[in-house]
1. Quick one: longest stretch of the chain between exposed loop trypsin sites (Lys or Arg not before Pro), exposed meaning at most 15 other C-beta atoms within 10 Å and loop per DSSP?
2. Need one number: nm distance between label points at K91 and L226, each 7 Å from Cα along Cα→Cβ, rounded to one decimal.
3. Between the stretch 67-117 and the stretch 161-181, how many Å separate their Cα centres?
4. Under a point spin-label approximation (7 Å from Cα along Cα-to-Cβ), what is the A58-K174 distance to one decimal in nm?
5. Convert each backbone phi in the stretch 37-54 into a coupling constant with the Karplus relation 6.51 cos²θ - 1.76 cosθ + 1.60 (shift: θ = phi - 60°), then list the ³J(HN,Hα) values in order as whole Hz, x for Gly and Pro.
6. What helices does the chain hold that run 27 Å or longer along their axis, going by alpha-carbon atoms, with a Kyte-Doolittle average of 0.5 or more, using DSSP H for the helix calls?
7. Are there chymotrypsin sites (Phe, Trp or Tyr not before Pro) in the stretch 189-226 that DSSP marks as loop and that have at most 16 other Cβ atoms within 10 Å, and which are they?
8. What FRET efficiency would be calculated for the residue pair M203, T80, taking the C-beta separation as r and a Förster radius of 22 Å, to the nearest 0.05?
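Nothing in this text is a laboratory measurement; each read-out follows from the coordinates by a stated rule. Note that this is a predicted model, so its numbers are computed, not measured. All Cβ positions, even for glycine, are placed from backbone atoms using ideal geometry, and neighbour counts span all protein chains on display.
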Amino acid sequence: MKIFNRFSKKIFQFVAVLALFIVATPAFAAAQGQVTRVILARHGQTEFNRKDIFQGNADPSLNATGFKQAELLAQALKNTHIDVFISTPFKRAMQTTEKVAALHNQKIAYTDVRFKTIDFGDLTGMTRPDAYKKYPEIEKQLKETPWLVKYPGGESFADVGDRGMKALEDTVKKYPGKTIFIGAHRTVNRAVIIRALGMDPSMFLKLGQDNTCVNVLEYENGQWRLMLLNSTVHLNGKY
């Protein structure tokens, strides 16, 4: 009987430890209905933005206006609880995210390249008029079915949606019940919002994403909801 009791006690201890381990896992926590909040922001203005140049994988810094926009964004969010800051590895996104994180006495936890903007391929660095002169078929498709465009040597909107949504899903699994700031880019923001909400991709260009705009998504019980879209109230209409 004593041997049986000792054995039963060890089994109970093992089950208790196993249960504690399961409860501590992100997957279990997410399943319990915790709300995970994502503050998805676009970077501040660059000279590429100002001059309407295809930016993509180019890596310019913020310009003077962009830094001011980032500072105003940081001020607007300074009293908002944020648990973790994530950015793409591009200067414009990191500089924007760093401004916000600094007022929370935090730094960027890590960068995730999957949140980067669309790769414009051969159009990268070209002005819009020059690009359309060389690639008239791209201009035509952008006017008619922009969500189907595949840039020569680059990506399509679907490509961005695939990697961006996977990154978003991985992020909420890693930080269940937390508030996460992600410093990202216009096209990937549009793509993940459309994917998360199950919207038709033809809505692509109807989702505004201005410099330093704020979008808020919440994730609960396997479902996404959009709480805020393209908010730039922090700019006071000046930028």
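1. Maximal segment without exposed cleavage sites: 108-237.
2. 3.2
3. 16
4. About 2.9 nm separates the two model spin labels.
5. Computed from phi, the couplings for the stretch 37-54 are 10, 10, 9, 9, 10, 9, 5, x, 5, 10, 5, 4, 4, 4, 8, 6, 9, 5 Hz.
6. Long hydrophobic helices here: 2-24.
7. none
8. According to the calculation, E is roughly 0.20.
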